[in-house]
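Beneath this line is the structure, given in structure tokens, with notes to follow.
The values are calculated or read from the model by the stated rules, or taken from the named source; none is laboratory data. Treat the numbers as computed from the prediction; the structure is a model and nothing was measured. Note that each Cβ is placed from the backbone with ideal geometry, even for glycine, and that neighbours are counted across all protein chains shown. Calculation scope for accessible area: heavy atoms of the full protein, side chains included, ligands and nucleic acids excluded. Shrake-Rupley method; radii C 1.70, N 1.55, O 1.52, S 1.80 Å.
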Amino acid sequence: MRRSAERRRPRSARPCYEESGYVYATGAMEIARRSGKEPIARLASNENPFTPPPAVLDAAILALRGVNRYPPEEPGGLLEALRCYHGDYHFTAGAGMDGVIETLLRALVEPGDRVAVATPTFSFYGVAAMGQGAQVVPVQRRADFSVDPEAFARAMEGAPLGFLCSPNNPTGNATSPADIAGLLDRMDGVLFLDNAYVDFSDHDYRPLMKQYDNLVIGRTMSKIYALAGLRIGYAFLPGWLAAPYRRAQTPFAVSTVAAAAAEAALGEEAWARAYRDHVRRWRERYAREIRWPVHPSEANFVLVDVSPRGSDEMTEALASRGVVVRSCRSFPDLPDHYIRVSIGEDWENERVISEINRP
Ligand SMILES: *Cc1c(COP(=O)(O)O)cnc(C)c1O
């Protein structure tokens with residue numbers, strides 16, 4: 001009897017979550033596992049292939065001893081380390097840059113608001129904005145994947161927030177700081193500039209924070225600092241946004257262990273530089289040796305045009321030979337003949353070059 005009473009209200013999730021959501025690149029991994037070709041080259045997620053340096057692991061292990069207590073309200077040590085590293089800016093840290101993006105949406109966007117996104121790009125901006133009830137307005141990049149400033153400024157009219165990724169995932173190209181400044185001049189809303197891959201490029205967008213109060217720069221410890229599994233990212237905020245952002249944030253968003261590891265990682269500049277040099281070396285080799293058009297990249301991955309083959313077709317063929325790359329089929333506004341290949345360890349990169357070049 002009680003059961004039917006409970007069921008009177010039909011159970012359904014919000015329409016935006018009935019079908020769509022973040023797309024994980026797990027299918028190719030399954031195929032590679034079944035192929036039995038061990039070890040598998042894991043080049044699908046732009047992760048750092050190397051274990052974090054010993055000082056970072058030690059800091060994390062030490063912090064584990066204190067996890068019976070909640071973390072402090074703010075990860076003070078990490079925020080101080082960020083000011084030492086970058087200079088005197090307002091910082092906030094979150095559970096990955098993804099956590100920062102969610103909080104920022106809560107702080108700035110009301111249901112029904114427009115949110116502009118320069119596409120093709122990282123899909124989480126759209127997924128998270130939809131979750132906030134926003135109307136996502138895609139602004140398609142040009143054929144060379146540069147951003148059309150007129151089109152972006154038009155989409156930002158009346159919009160409280162827009163997303164632009166530079167260097168962009170999955171295309172690898174960057175928008176120059178001067179072009180970002182040009183955009184900021186023309187918009188009233190806030191621009192979230194995703195700098196997840198900036199350490200692999202020659203650009204420095206930080207000075208823009210001194211000139212514009214409608215800019216938020218997102219950074220992550222997942223890529224260059226090899227902490228993807230700990231979920232830690234941060235952002236540069238304009239001063240006026242720091243307090244409302246804090247009120248919108250999930251309590252204790254950053255774990256004690258993640259904060260300690262991130263703080264230690266910022267001290268490992270030589271280690272990070274060595275990885276960056278490894279990435280740059282391999283980026284050039286990929287461009288030279290892969291027998292398909294490789295788009296110029298300023299990140300730790302490249303976008304490869306595999307036409308006339310399809311994205312999934314090529315991804316599955318490589319997976320069955322023990323090489324996992326990212327099919328770009330799920331990226332809206334990108335034609336269906338691209339794969340994204342991360343730079344991994346030497347043996348992984350050698351393997352992908354020889355497998356991708358097979359007739
Ligand atoms: C990997 C990545 C992130 C990182 O997010 P975390 O949540 O910090 O791991 C953010 N933006 C882009 C474009 C990425 O590729």
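Some observations on this one:
- Annotation: Asp185 fulfils all but one of (1) crowded, with 16+ Cβ neighbours inside 10 Å; (2) more than 21 Å from Val302 (Cα to Cα); the unmet one is (1).
- Within the stretch 317-356, restricting attention to residues that are aliphatic (A, V, I, L, M) and part of a loop (DSSP other than H, G, I, E, B), the residue that is nearest to Arg33 (Cα to Cα) is Val325.
- Annotation: Tyr275 fulfils all but one of (1) closer than 17 Å to Phe91 by Cβ; (2) open to solvent by less than 40 Å² (accessible area, probe 1.4 Å); (3) aromatic (Phe, Trp, Tyr); the unmet one is (1).
- Test result for Pro359, free of Cβ contacts under 8 Å to residues at least 12 places away in the same chain and in a loop (DSSP other than H, G, I, E, B): yes
- Selected residue (only one of Asp199, Asp204 is closer than 27 Å to Pro52 by Cβ, at pLDDT 95 or above and part of a helix (DSSP H, G or I)): Asp199
- The set of residues from the stretch 85-115 being away from the ligand (no atom under 16 Å from the Cβ) and either without any contact (Cβ under 8 Å) to a residue 60 or more places away in the chain or surrounded by 24 or more Cβ atoms within 10 Å (Cβ to Cβ) (or both) comprises Asp88, Val109, Glu110, Pro111, Gly112, Asp113, Arg114.
- Within the stretch 117-135, the set of residues being touching a Lys or Arg at 6+ places or on another chain (Cβ under 9 Å), modelled with pLDDT of 95 or more and within 16 Å of the ligand (Cβ to nearest atom) comprises Ala118, Thr119, Pro120, Thr121.
- Residue in the stretch 273-293 that is aliphatic (A, V, I, L, M) and over 17 Å from Asp346 (Cα atoms) present: no
- Residues (under 14 Å from the mean Cα position of the chain (by Cα) and part of a helix (DSSP H, G or I)) located in the stretch 223-255: Ala228, Gly229
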